[in-house]
Amino acid sequence: QVQLVESGGALVQAGGSLRLSCAASGRTLTNYRVGWFRQAPGKEREFVVGIRWSGGRTYYEDSGKDRFTISSDAKNTVYLQMNSLKPEDTAVYYCAADPGHGVFEYWGQGTQVTVSS
């Protein structure tokens with residue numbers, strides 16, 4: 001089992017950048033497919049971007065949000081780089097891990113990102 005802790009959320013002005021971190025303990029993240037999600041007030045949680053490792057290669061999944069980039073240290077931490085932030089990016093951001101069953105079973109507590117106009 002893996003435990004996930006997000007950090008890096010903050011209040012930022014529109015046009016700014018942030019990098020969120022998702023730190024894992026218990027098992028290394030390369031054993032999982034890892035995704036970043038977000039949930040804005042009054043809205044459903046949505047997938048932002050994902051990463052997985054297989055056969056020595058790294059694969060990326062995106063949702064078309066070009067301003068968002070996922071990366072990792074290929075061990076215990078996955079990052080979400082967010083650029084040109086907009087007020088509509090305001091949300092709680094979560095990282096989650098799928099152990100290979102096609103379901104994100106493990107979730108962090110989330111980190112708040114607020115973008116002011």
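Pick from ASP73, ASP98: which is open to solvent by 40 Å² or more (accessible area, probe 1.4 Å) and either closer than 13 Å to PHE47 by Cβ or at pLDDT below 95 (or both)? Write out each step before concluding.
Values: ASP98 fails: open to solvent by 40 Å² or more (accessible area, probe 1.4 Å).
Within the list ASP73, ASP98, the selection yields ASP73.
For region 42-59, give me each residue that is open to solvent by 80 Å² or more (accessible area, probe 1.4 Å), more than 14 Å from ASP98 (Cβ to Cβ) and either modelled with pLDDT of 90 or more or touching an Asp or Glu at 6+ places or on another chain (Cβ under 6 Å) (or both).
Of everything in region 42-59, those that are open to solvent by 80 Å² or more (accessible area, probe 1.4 Å), more than 14 Å from ASP98 (Cβ to Cβ) and either modelled with pLDDT of 90 or more or touching an Asp or Glu at 6+ places or on another chain (Cβ under 6 Å) (or both) turn out to be GLY42, LYS43, GLU44, ARG45.
Among the candidates GLU105, GLU46, GLU88, GLU61, single out the residue that is of a type outside the set (Val, Ile, Thr) and without any contact (Cβ under 8 Å) to a residue 12 or more places away in the chain.
Of GLU105, GLU46, GLU88, GLU61, the one residue that is of a type outside the set (Val, Ile, Thr) and without any contact (Cβ under 8 Å) to a residue 12 or more places away in the chain is GLU105.
If you scan region 1-59, which residues turn out to be out of contact with any Gly (no Cβ under 8 Å at 6 or more places or on another chain) and of a type in the set (Lys, Arg)?
Hits for region 1-59 are ARG27, ARG38, LYS43, ARG45, ARG52, ARG57.
Can SER17 be described as open to solvent by 30 Å² or more (accessible area, probe 1.4 Å) and in contact (Cβ under 8 Å) with a residue 60 or more places away in the chain?
Considered against the rule, which asks whether it is open to solvent by 30 Å² or more (accessible area, probe 1.4 Å) and in contact (Cβ under 8 Å) with a residue 60 or more places away in the chain, SER17 comes out as yes.
The values are calculated or read from the model by the stated rules, or taken from the named source; none is laboratory data. Since the model is a prediction, treat every value here as computed from it, not as a measurement. So basically every Cβ, Gly included, is an ideal-geometry build from the backbone, and we count neighbours across all protein chains shown. For the accessible areas, the whole protein counts, side chains as well, though only heavy atoms, and no ligand, DNA or RNA atoms are used. Shrake-Rupley method; radii C 1.70, N 1.55, O 1.52, S 1.80 Å.
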